[in-house]
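To start, the structure under review is shown below, and the notes come after it.
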Amino acid sequence: MNPDRHNLLKAWIAAILWLIVIAIESTAMLSAHNTSRILYPLLHYLFGLDWIRFEHWHFYIRKGGHVVGYAILSILLFRAWRATLPAMDDTKWTLRWATIALLGTALVASLDEWHQSFIPSRTGRWQDVVLDTCAGILAQLLIFLWWKGFGKGTASSRAVKAQYGGNL
């Protein structure tokens, strides 16, 4: 297997595995009721939270999980599409890859919430689709800024590359 095909396979396997994680998180097993049974005793023990304060924190922990989970999905989809649709030059970021990754993130978020609307212990909320899509936008912005920063490099990194002839 050539290196390009190997990288393509690795990128898509990572994205697919993360999609499986999201699908598992979408089940009744990880409903608010079930996660509170684990988190409340833990946070009560560690921080002495009473139930009223815990409910507040539980909401933000769950929404934070949305942001982190869908940001990771967006990054993995960007990586997979970059491997699938390579640029002609050595470009590390294109609007095409970011757009496809963001559309994929929004599609998965929509399907996830739609799926949850059929599970009695879950709720499908359009607000969560918006939150998840915003997490994808943030991830794409971070990727863009990351590659923009490393693409130009600092004066010291250019000096080191010049000294070693770019062979680092």
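From the list Ile24, Ile52, Ile13, exactly one residue is within 19 Å of Phe118 (Cα to Cα), without any contact (Cβ under 8 Å) to a residue 60 or more places away in the chain, part of a helix (DSSP H, G or I) and of a type outside the set (Asp, Glu). Which is it? Just one listed residue meets the conditions, Ile24. Of all residues in the range 97-125, those being in a helix (DSSP H, G or I), touching a helix residue (DSSP H, G or I) at 6+ places or on another chain (Cβ under 7 Å) and without any contact (Cβ under 8 Å) to a residue 60 or more places away in the chain number 11. Checked against the criterion of being modelled with pLDDT under 95 and in contact with a helix residue (DSSP H, G or I) (Cβ under 7 Å, 6 or more places away or on another chain), the candidates Lys152, Lys92 yield just one match: Lys92. Kindly check whether there is at least one residue in the range 42-59 that is under 22 Å from the mean Cα position of the chain (by Cα) and surrounded by 18 or more Cβ atoms within 10 Å (Cβ to Cβ). The answer is yes, given that some residue of the range 42-59 is under 22 Å from the mean Cα position of the chain (by Cα) and surrounded by 18 or more Cβ atoms within 10 Å (Cβ to Cβ).
In the range 134-153, the residues that are farther than 13 Å from Lys92 by Cα form Cβ pairs under 8 Å with partners that are at pLDDT 95 or above and exposed (fewer than 14 other Cβ atoms within 10 Å of the Cβ), at six or more places apart or across chains, as follows: Ala135/Val68. Could you grab me the full set of residues in the range 18-40 that are surrounded by 12 or more Cβ atoms within 10 Å (Cβ to Cβ) and not aliphatic (A, V, I, L, M)? Within the range 18-40, Trp18, Glu25, Ser26, Thr27, Ser31, Asn34, Thr35, Ser36, Tyr40 meet the criteria.
The values are calculated or read from the model by the stated rules, or taken from the named source; none is laboratory data. Quick caveat, the model's predicted, so the values are computed rather than measured. When we count neighbours, we look across all protein chains shown, and the Cβ atoms used for this are built from the backbone with ideal geometry, even at glycine.
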